[in-house]
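The values are calculated or read from the model by the stated rules, or taken from the named source; none is laboratory data. Quantities reported herein were computed from a predicted structural model and do not represent experimental measurements. For neighbour counting, all protein chains shown are included, and Cβ atoms are generated from backbone atoms with ideal geometry for every residue, glycine included. Areas reflect the complete protein model, heavy atoms only, side chains present, ligands, DNA and RNA absent. Shrake-Rupley method; radii C 1.70, N 1.55, O 1.52, S 1.80 Å.
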Protein chains: 2
Amino acid sequence: MKVIPGGHVVTLEPLTVGVLGGTGPQGRGLGLRLGLAGHRIVLGSRSAERATAAAAEVSALRPEEALDVTGAGNESAADADIVLVTVPYEGHRELLLGLADVLAGRVVVDCVNPTSYAHRGPPVPVPDGSATEEAAKVLPGSRVVGAFHSVSAKRLLGTNASVSTDVLVCGDDADAKTLVCGLAGQVPGMRGIDAGPLYQARLLEDLTTVLYAINRRYKTHAGFKITGV
Amino acid sequence: MKVIPGGHVVTLEPLTVGVLGGTGPQGRGLGLRLGLAGHRIVLGSRSAERATAAAAEVSALRPEEALDVTGAGNESAADADIVLVTVPYEGHRELLLGLADVLAGRVVVDCVNPTSYAHRGPPVPVPDGSATEEAAKVLPGSRVVGAFHSVSAKRLLGTNASVSTDVLVCGDDADAKTLVCGLAGQVPGMRGIDAGPLYQARLLEDLTTVLYAINRRYKTHAGFKITGV
């Protein structure tokens, strides 16, 4: 990774990106777009078989690109340069507890939204404030960052060249944030923006709930862009 | 007001817009931009004298436009077609309690952010969930909507023609929301977006905190735009 003054990543060598719970739409979608950016993707799942099927499905979306996307058990997917967490909130804490040793020292990007699209009403409060703060508590040896919460899976998995959304990134490890901002910035139409410390994760997760409400009202798959940055 | 199917306001006759606590940057800024859109603006304050001075200041920003911006006590400003609330959170509940009778039946747009720019750390919790929900509780006879939380006062008060930000609008009164979306849409570069029920106000107020963090990090006055709508 080459970082220029101001924290912008100008180059990023190919990384191995593991995606825990990578068989869902968000995991497959991020896998596809980061795969298109030239990284090696390992989609993880409790079932290595399901993960392999999901990886084949992602590769088939862009047969002309020869993407390096494979499937594996979550434990193998966790053995990566960067590990994205895209499981449903219900299994979040347990999964990470079981992988704490493998994830020690690694950059872990929590993308989990505790409030589901189907839920109506105010967001459900989370004991640690947010899924990302829960991850940081469960993984004291990891470099936990929150990001990619609000990126529409439909847009990620679509045939559109540009994803057309900003990605807000929060965390207390500046280098890990810079790396994740750089990673987001490699996806056409995506831009990583440093949104502050780890405690901002609650707001980023809640922002997804706002976009869900907009999606329902306007029958769309909304994203957002920060202006003035 | 003329509303076409889909809830879009195509025309809006000139309204009287009262701004409670209108001498601060947010109140003056919204007064300026809505004045430029052709509405009669009454900036309110505890001190009618200070309000009159603020109104003169706003008019002087666009001397060529002959804006209809005047100042008055908060009680007179509350006697308007639409009433914006832009006081600091500290005096919010008390002010509205005192004006509940005048505000009955009116569209009240709460723009208050309980967490100030100077505050570091997670947003301070508010007893009723959000300032807007507090307003709705204190003003059971009014049509309370939450909006304009995150609009940069610097951008509103600047010489820029376009404000370049979306305005998320929440509330349980569909017609009041449509009206406020229409009002926002009359400001060049601004667009009103229905962000769901009143309980979304907490998220909209928290979103301001995210923008504060981005402003600090990037030394800017950030806004945001929803994509896909």
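All of A:136, A:174 fail the test of being among the aliphatic types (A, V, I, L, M) and out of contact with any strand residue (DSSP E or B) (no Cβ under 7 Å at 6 or more places or on another chain), apart from A:174.
Would you check if residue B:54 is buried (at least 16 other Cβ atoms within 10 Å of the Cβ) and either in contact with a strand residue (DSSP E or B) (Cβ under 6 Å, 6 or more places away or on another chain) or of a type outside the set (Gly, Ala, Ser) (or both)? Can you show your working first?
Details: buried (at least 16 other Cβ atoms within 10 Å of the Cβ): yes; either in contact with a strand residue (DSSP E or B) (Cβ under 6 Å, 6 or more places away or on another chain) or of a type outside the set (Gly, Ala, Ser) (or both): yes.
Spelling it out, residue B:54 is indeed buried (at least 16 other Cβ atoms within 10 Å of the Cβ) and either in contact with a strand residue (DSSP E or B) (Cβ under 6 Å, 6 or more places away or on another chain) or of a type outside the set (Gly, Ala, Ser) (or both).
Against the condition more than 7 Å from every other protein chain (Cβ to nearest Cβ), out of contact with any Leu (no Cβ under 9 Å at 6 or more places or on another chain), closer than 18 Å to residue B:152 by Cβ and of a type in the set (S, T, N, Q), how does residue B:178 come out, does it pass? Walk me through how you get there before you give the answer.
On the way: more than 7 Å from every other protein chain (Cβ to nearest Cβ): yes; out of contact with any Leu (no Cβ under 9 Å at 6 or more places or on another chain): yes; closer than 18 Å to residue B:152 by Cβ: no; of a type in the set (S, T, N, Q): yes.
Considered against the rule, which asks whether it is more than 7 Å from every other protein chain (Cβ to nearest Cβ), out of contact with any Leu (no Cβ under 9 Å at 6 or more places or on another chain), closer than 18 Å to residue B:152 by Cβ and of a type in the set (S, T, N, Q), residue B:178 comes out as no.
Please go through the range B:112-127 and pick out each residue that is open to solvent by 40 Å² or more (accessible area, probe 1.4 Å) and either of a type in the set (Gly, Ala, Ser) or outside any loop (DSSP other than H, G, I, E, B) (or both). Can you show your working first?
So the first thing to find is which residues in the range B:112-127 are open to solvent by 40 Å² or more (accessible area, probe 1.4 Å), and the list is B:116-120, B:122, B:124-125, B:127.
B:116, B:118 - these are the residues of the range B:112-127 that are open to solvent by 40 Å² or more (accessible area, probe 1.4 Å) and either of a type in the set (Gly, Ala, Ser) or outside any loop (DSSP other than H, G, I, E, B) (or both).
For residue B:118, the criteria (1) under 17 Å from the mean Cα position of the chain (by Cα); (2) at pLDDT below 95 hold in every case but one, which is (1).
Being among the β-branched types (Val, Ile, Thr), within 20 Å of residue B:147 (Cα to Cα) and touching a helix residue (DSSP H, G or I) at 6+ places or on another chain (Cβ under 6 Å): is that true of residue A:187 here? Judged against the criteria, residue A:187 is not a match.
Candidates are the residues of the range A:128-174 that are open to solvent by 10 Å² or more (accessible area, probe 1.4 Å), part of a loop (DSSP other than H, G, I, E, B) and more than 14 Å from chain B (Cβ to nearest Cβ); the one that is nearest to residue B:121 (Cα to Cα) is A:173. Considering the range A:200-229, the residues that are surrounded by 20 or more Cβ atoms within 10 Å (Cβ to Cβ), of a type in the set (Ser, Thr, Tyr) and assigned to a helix (DSSP H, G or I) include one that is nearest to the chain's Cα centre (by Cα), namely A:208.
The one condition from (1) without any contact (Cβ under 8 Å) to a residue 40 or more places away in the chain; (2) under 30 Å from residue A:40 (Cβ atoms) that residue A:166 does not meet is (1).
Just one residue in the set B:158, B:146, B:192, B:182 is free of Cβ contacts under 8 Å to residues at least 12 places away in the same chain and at negative phi; that residue is B:158.
As for the range A:43-50, it holds at least one residue that is hydrophobic (A, V, I, L, M, F, W, C) and under 23 Å from residue A:155 (Cβ atoms). Based on what the data block shows, is residue B:218 over 21 Å from residue A:124 (Cα atoms) and of a type in the set (Phe, Trp, Tyr)? Spelling it out, residue B:218 is indeed over 21 Å from residue A:124 (Cα atoms) and of a type in the set (Phe, Trp, Tyr). Scanning the range B:184-197 for residues that are open to solvent by less than 20 Å² (accessible area, probe 1.4 Å) and more than 8 Å from chain A (Cβ to nearest Cβ) returns B:184, B:187, B:190, B:192.
Contact annotation: residue pairs with Cβ atoms under 7 Å, 6 or more positions apart or on different chains, pairing a residue in the range B:212-229 that is at the interface with chain A (Cβ under 7 Å from one of its Cβ atoms) and among the hydrophobic types (A, V, I, L, M, F, W, C) with a partner that is part of a helix (DSSP H, G or I) and open to solvent by less than 60 Å² (accessible area, probe 1.4 Å), are B:213/A:200; B:222/B:211; B:222/B:214; B:222/B:215; B:226/A:214; B:229/A:214. Taking the condition of being at pLDDT below 95, surrounded by fewer than 19 Cβ atoms within 10 Å (Cβ to Cβ) and in contact with a strand residue (DSSP E or B) (Cβ under 7 Å, 6 or more places away or on another chain), how many residues in the range B:5-35 meet it? Residues meeting the conditions: 3. So is residue B:77 touching a Ser or Thr at 6+ places or on another chain (Cβ under 9 Å), over 25 Å from residue B:178 (Cβ atoms) and crowded, with 16+ Cβ neighbours inside 10 Å or not? Judged against the criteria, residue B:77 is not a match. Here is the figure for the range A:98-139: residues that are over 16 Å from residue A:202 (Cα atoms), of a type outside the set (A, V, I, L, M, F, W, C) and in contact with a Ser or Thr (Cβ under 6 Å, 6 or more places away or on another chain) total 1.
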